[in-house]
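Chemist: The structure follows.
The values are calculated or read from the model by the stated rules, or taken from the named source; none is laboratory data. Everything quoted here is computed from the prediction, not taken from an experiment. Here the Cβ positions follow ideal geometry from the backbone for every residue, glycine too, while neighbour counts run over all protein chains shown. All accessible areas refer to the heavy atoms of the entire protein, side chains included, with ligands and DNA or RNA removed. Shrake-Rupley method; radii C 1.70, N 1.55, O 1.52, S 1.80 Å.
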Amino acid sequence: MEHTESYANFPVWIVLLSNIVAISIYALGTYILAGLGIVVAVLYLCYCFWIEFRVLTRSCVDCYYYGKLCGLGKGKLCSLLFQKGDPRRFVEKEVSWAKLLPDFMIFVFPLVGGVVLLVRDFTWLLVAMLAALIILSSGGNAMIRGSFVCKHCRQRQIGCPAEEVFKRNKNQDK
Ligand code: SF4
């Protein structure tokens, strides 16, 4: 990624935009899975909260943006909830596709649930919801991170193991 200006604190409009995309994915996923029953929808929401808790306690505590406004807004939230960690731990952390897999399940669970519901009872509303979920989870996330968040992230300049995984993957595709 070319060298660009990095933000000590991100502009609020970027934080709002990234959270609108994230919350829309959670809301779409919950709505789709509610078709399989309220228990499934509640379990999915609990899973979403667990993923957020996991990021806050395993990454944000050690991040440069702890106590600051990062592109996702979690640095500030983390400092309200958890003790500051060790910034060296962030850079030294082992990240792999296997370790990122739980994050992708946020998208995979409602996608699979939606396909099951479509086979059971086809509706164009469900098709539209699934299309919106796919677009937001792929293009939406890629646009937010590639154009607004990671591009201006000071932690990325210091060192970000997750970015290394994506970079490695991009280089392999070449
Ligand atoms: S940049 Fe990432 S790891 Fe750092 S505080 Fe924000 S969400 Fe957490």
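Chemist: Mean Kyte-Doolittle hydropathy of 0.5 or higher plus an axial Cα length of 27 Å or more: which whole DSSP H helices in the chain meet both?
Modeler: 12-33, 38-58, 97-120
Chemist: Just want the answer: with Cβ charges of +1 for Lys and Arg and -1 for Asp and Glu, which residue in Phe107, Gly159, Ser24 is farthest toward the dipole's positive end in the range 12-173?
Modeler: Result: Gly159.
Chemist: Give the carbon-plus-sulfur fraction of the accessible surface of the range 59-164 in %, rounded to a whole number; probe 1.4 Å, heavy atoms of protein chains only.
Modeler: 69
Chemist: What does the net charge come to around Arg154 if you take all other residues with beta carbon closer than 12 Å to its beta carbon, with K and R at +1 and D and E at -1?
Modeler: Values: positive: Lys68, Lys151, Arg156; negative: Glu5.
Net charge around Arg154: +2.
Chemist: How much accessible surface area, in Å² rounded to 10, belongs to the heavy atoms of Trp50 with a 1.4 Å probe?
Modeler: Approximately 110 Å² of Trp50 is accessible to the 1.4 Å probe.
Chemist: For the chain, what log10 I(q)/I(0) values come out of the Debye formula at q = 0.14, 0.18 1/Å, with one point per alpha carbon and no solvent?
Modeler: Debye curve over Cα of the chain, log10 I(q)/I(0) at q = 0.14, 0.18 Å⁻¹: -0.82, -1.23.
Chemist: Leaving out ligands and nucleic acids, note down the accessible area per residue over the chain with a 1.4 angstrom probe, in whole Å².
Modeler: 59
Chemist: Another question, then. When only the heavy atoms of the protein chains count and the probe is 1.4 Å, how do Thr57, Thr4 rank by accessible area, highest first? Don't skip to the end; give the middle numbers.
Modeler: Values: Thr57 45, Thr4 20 Å².
Ranked list, largest accessible area first: Thr57, Thr4.
Chemist: I've got another one for you. Calculate the dipole size of the range 12-173 relative to its Cα centre from +1 charges on Lys and Arg beta carbons and -1 charges on Asp and Glu beta carbons; express the result in debye to the nearest 20. List each step's numbers first, then the result.
Modeler: Working: 18 positive and 10 negative charges, 111 e Å.
It works out to roughly 540 debye.
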